[in-house]
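Working notes, beginning with the structure itself.
The values are calculated or read from the model by the stated rules, or taken from the named source; none is laboratory data. What you see is a predicted model, and the numbers here were worked out from it, not measured in a lab. Here the Cβ positions follow ideal geometry from the backbone for every residue, glycine too, while neighbour counts run over all protein chains shown. We work out accessible area using only protein heavy atoms, side chains counted, and drop any ligands, DNA or RNA first. Shrake-Rupley method; radii C 1.70, N 1.55, O 1.52, S 1.80 Å.
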Amino acid sequence: MYIKYLYSLLLFCSPVLLFAQQAEEERKHIGRAKIGMSENELLKVAGDPERKERFKTIKMGLSDTTCYWLYQNEITVILRNHNIEKIERDRNGLLLKIQEWADPKNKDGIKLIYGK
């Protein structure tokens, strides 16, 4: 008798729990990210990135580093000093710019830092 109630309860609750988890995941979307948000705020609204690039950039003469996080395989969030500086939707254009920065004498005065 109690087993029937238990099964009924599980049958009723499991879709509710699945919907709650799905709703939480649906709420996390890169479209909710805004320029100026902190890294922690970005993680709350958009979730973890698909990839964090293995390099950072730094402008010559400055000490603030810039990180690049990739969302949806096409949107790059550019974080300077742990805040969103720019959301770049043209991934190919950004990659071409980064290739230019690989030259130590690039016109933008930006240095690539490889590693962590």
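Residue by residue through segment 55-81, note down the ones that are more than 12 Å from the chain's Cα centre (by Cα) and not small (Gly, Ala, Ser). First the steps, then the outcome.
The initial filter retains those residues of segment 55-81 that are more than 12 Å from the chain's Cα centre (by Cα), namely 55-66, 80-81.
Listed by number, the residues that qualify are 55, 56, 57, 58, 59, 60, 62, 64, 65, 66, 80, 81.
Show the residue pairs that are 6+ apart or on different chains and have beta-carbon atoms under 9 Å apart, the first residue being within segment 80-108 and over 15 Å from residue 70 (Cα atoms) and in contact (Cβ under 8 Å) with a residue 24 or more places away in the chain, the second being of a type in the set (S, T, N, Q) and surrounded by 15 or more Cβ atoms within 10 Å (Cβ to Cβ).
101/57
Please give the strands (runs of 3 or more DSSP E) falling wholly within segment 44-116 in which 1 or more residues are open to solvent by less than 20 Å² (accessible area, probe 1.4 Å).
55-59, 65-71, 75-80, 83-88
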